[in-house]
Each structure stands twice: as C-alpha cells, then as structure tokens.
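The structure appears below as structure tokens.
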Amino acid sequence: MAKNSRTKNTPAYRCAECGWSAVKWVGRCGECQAWGTVEEMGAVTAKTTVATTIAVPAQPIGEVDATAASYRTSGVDELDRVLGGGLVPGAVILLAGEPGVGKSTLLLDVAARAARTGRRVLYITGEESAAQVKVRAERINAMAETLYLTAETDLGIALGQVEKIDPELLIIDSVQTLASSEVDGTAGGISQVKEVAASLINAAKRRNMTTILVGHVTKDGSIAGPRTLEHLVDVVCQFDGERHSRLRLLRALKNRYGPTDEVGCFDLTEGGIEGLADPSGLFVTRTKDPVPGTCITVTLEGRRPLVAEVQTLLSRATSAIPRRATSGLDAARTQMILAVLQSRARMELGGLDSYVATVGGVKLSEPATDLATALALASSMHNHPLPPQFVAFGEVGLAGEVRPVPEIGRRIIEAERLGFRYAMVPASPQPPKNIPDSIRVFTVSSVLEALDIAFEQRVKTGA
C-alpha cells in the first residue's frame, strides 16, 4: 500500500512549451529540445465518475435553436470581415500578436463600440492598472457607460466579477497574466494557462458570453503557451504589423464559424486604430510623372486583392561583389529574378548594386510579384519608365517563363477599380471572365515578351 501511495503522489514534470511529460526533472525537453522549460506538476490521479443528474439532456439536432449562435456585429467592419460576420454569443476568441502591435487598443475600441449598443462589457486587464487603461480609452474615444473595467490577476476574483456583472462580452488582457490559487505554478505556466482557459471557456459556454482572450507570442512569432489552448478556443486570430509601419493585418488562423482566408487591415494612429476598407493607397506613391525603376502589382492577402508598388534602383558597384539589398520582398526570389534577367534577357547586372523595396513597409511574399519586380529592374536598367496607369503580376520561373497565379480576374477588377488602364498578366488556359472594357489586358508567357510589350522595343537575346 505504501508503494502505491508513493506512486500516486510522485510529482510529474511537463514542458511548458510543448507539453512533453517525464517522471523526473530534466534540464532539456526530450520532445522540443528546449532548455529550462520543464516544470514540476502535480500528478493527476482523480477519475471522473458518471454524473447522477443531467442538467441539459441531449435533443435531436433539428430541434436545436441555432439563433443563439447568430452573428452580432462588433462595430468594427474589418474585424467582422475576419470573423466571418461578427461576434458569436458563447464563442471564445484568442487574439495573439507581438507586444506593441495594437491588440489592447483594438479590443478597447471593440469593447466601447459594443457597450454603446447597450450591451454590458467587462474588460479585465492583468498587465496595466485601471487608470492606465482609462487614459488610453479617453485618448482613443473609447468611453461608454456600460463598459466595466477592472485590473485583476486572480482567476477566482475575475470569475466573481463575471458573476456579478453578467457581461455579454468579456475581454481578458491577457490570458497569461491570470492565475488560479488552486493550481500550482506561476502565471503563464502550462498548468495555469490550461486552468485559466478551461475555466473561462466553461463560463463563456454556460453564460452564452462572447469571450476574447489576448495571448502572448514567442520570439519566433508563434502563440505562447501549450498548443492545447489553440485547440480549446473557437477562433484563433493573429495580429501582425511592422513596428515602423502604420499598417496592421488581422488574420484568422482557425475559425469554427467562418472562413480563414480573410484579412482585416487597420491603420494605427495616435488617435487609435481604424479599419481600412481600401488600404492600397498606403502602398502606392502618387507622382505626377512615371519614374524609372517602379512598377505597380496586385497581390492577395487571403482573399483580398491589395495594390502595392515595387521600387528598384541600380547603381554601379563600388566593390568587387555587387550589393543586393531587399526590403519588403523575399531576398532569395529577388536574387533569382536578377539571375533570370541576366541569363535570359541578356541584361548586364553583374557589375551593378541593386536595391529593391516596397512602399509603405508592406511585405510581399507572394510569387505573383515576380513579374513586377522584373519589370521594375528592367525599367531602372534602361532608365525608361513603364507606361502610366500600368500594373503587372505573375510568377517568373528560372527558364524565363511567366506562370499563372490564382485569382487573375479578381486582381484585374481591383486594378480597374483603382483607376488603372493597363494590366500585364500571365497567359492562362482559362482566361478570366467579366473583365471591364475600361482596362486593357496584355497576356504574356515569358519575361522577354513582357519586356517587349512594356517598353515597346525588341529585347535582343544574343542568339
């Protein structure tokens, strides 16, 4: 009996990063190989028994009331776009992002807009004082009569606030700052995060209360804490943005109520954060006359077409090894395009420094921007600007071919809506339909053909 008792009370150890467990402490996790993440946890020996009474019996699926899970607008159109229509009662949403990206500012604005419609909203902050949050709320005009605010890090007291106020929307900023006195470990540890998340999710489902949890991220940008947290919640959103750029992008990584291919765009200013229904103006330079070395392209962020500008500059190299500087574009793909232009189009780029960047700090990782980069480099090489009101997109291969990309028709329509009159697109077996007559479309199958059309001259191949 003594041996069995000792076995039950033997402490277990678990990795705070991946959840790997061991019977004794080790300095390095045996699963993810992370150092210093293995923590002591109490061994779980309890077994759940059958409930004597059932509060809500099962019923035929056709008799379930689906109106309880209908969308309710958050008041922020860009957030509603990402969520699939708005906030769902009883849903638990995890919003993650790097420090300073604007998570708290966005959610404070959402809380105020919801409160102005008459809904009770409870905002629990564990990282700032109530006075600090109020100062921000006054700065961004996020004050409302039914918006309740408390600074709390104890889970039991936080749940007591929920019982007292009975909110329709609960915001926790952040889930890693709450801790339960009934569970061992510090706040943010794997056991505490699991307990906090489970308790909040149970309260949200029982009270039909929409709950938004703010989550921290690790150095590599992934959501901190156990991966089970992402599986427990209904929606996982990622809030991204460059520190030196005003643009913020909201993406849904998981959504039980809607699509995961929508992107919300926000503009972070001193007066708060605003949704951008048409963010393309941030990434295009407005000049009176065309400038050599620039080309406009249309990329896709999720399902959303986004117009952006690629700028290039070529100058004589001052060292034996030419410099290749890239900002906002994939450096490896940019070097590949330089090699294709030098080999397939016989452009002498070996003795030139190349600088390639995007406007507004936007990141263009889609291969569809290859053709615009190639045309911009050729424009800088020949010191010849591209035609005005001209856009180009397409993937460039090592053989110099221009490959089709998804949603060609959607990109052309977006370019036409913004006033562009010429579009260079890849030749596709299925030509896009319903293209407006106000925009002229050039289909190309190779870089040489694209250069020939764009500059109205024959590029010599040296053959």
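The values are calculated or read from the model by the stated rules, or taken from the named source; none is laboratory data. Please read these numbers as outputs of a predicted model, since none were measured by experiment. Virtual Cβ from ideal backbone geometry, glycine too; neighbours counted across all protein chains shown. The accessibility values were calculated without ligands, DNA or RNA, using every heavy atom of the protein model including side chains. Shrake-Rupley method; radii C 1.70, N 1.55, O 1.52, S 1.80 Å.
Just a few scattered comments:
- Every pair of residues 6+ apart whose Cβ atoms lie under 8 Å, when the first sits in region 66-83 and is over 12 Å from Ala277 (Cβ atoms) and in contact (Cβ under 8 Å) with a residue 40 or more places away in the chain while the second is in a loop (DSSP other than H, G, I, E, B) and among the charged types (D, E, K, R): Val82/Glu262
- Of all residues in region 410-433, those that are assigned to a helix (DSSP H, G or I) and more than 15 Å from Phe393 (Cα to Cα) total 1.
- Annotation: Ile273 fulfils all but one of (1) under 18 Å from the mean Cα position of the chain (by Cα); (2) within 28 Å of Pro406 (Cα to Cα); (3) not in a loop (DSSP other than H, G, I, E, B); the unmet one is (2).
- Some residue of region 302-309 being over 19 Å from the mean Cα position of the chain (by Cα) and part of a strand (DSSP E or B): yes
- Test: residue in region 364-371 that is out of contact with any Lys or Arg (no Cβ under 9 Å at 6 or more places or on another chain), under 16 Å from Leu448 (Cβ atoms) and either assigned to a helix (DSSP H, G or I) or open to solvent by less than 50 Å² (accessible area, probe 1.4 Å) (or both): yes
- The residues of region 389-409 that are outside any strand (DSSP E or B) and of a type in the set (A, V, I, L, M, F, W, C), listed by number, are Phe393, Leu398, Ala399, Val405, Ile408.
- If you go through region 315-363 and keep only what is open to solvent by less than 30 Å² (accessible area, probe 1.4 Å), in contact with a Lys or Arg (Cβ under 9 Å, 6 or more places away or on another chain) and not in a loop (DSSP other than H, G, I, E, B), you end up with Leu329, Thr334, Leu338, Asp353, Ser354, Val356.
- Unique residue being surrounded by fewer than 18 Cβ atoms within 10 Å (Cβ to Cβ), within 28 Å of Gln161 (Cα to Cα) and at pLDDT below 90 when the list is Ala43, Ala58, Ala69: Ala69
- Output for region 217-240, where each listed residue is buried (at least 17 other Cβ atoms within 10 Å of the Cβ) and either in a loop (DSSP other than H, G, I, E, B) or among the aromatic types (Phe, Trp, Tyr) (or both): Ala224, Gly225, Pro226, Val233, Asp234, Phe239
- Note on region 434-453: residues that are in a strand (DSSP E or B) and either in contact (Cβ under 8 Å) with a residue 60 or more places away in the chain or open to solvent by less than 70 Å² (accessible area, probe 1.4 Å) (or both) total 4.
- Test for Ala187: is it among the hydrophobic types (A, V, I, L, M, F, W, C), in a loop (DSSP other than H, G, I, E, B) and closer than 13 Å to Arg120 by Cα: no
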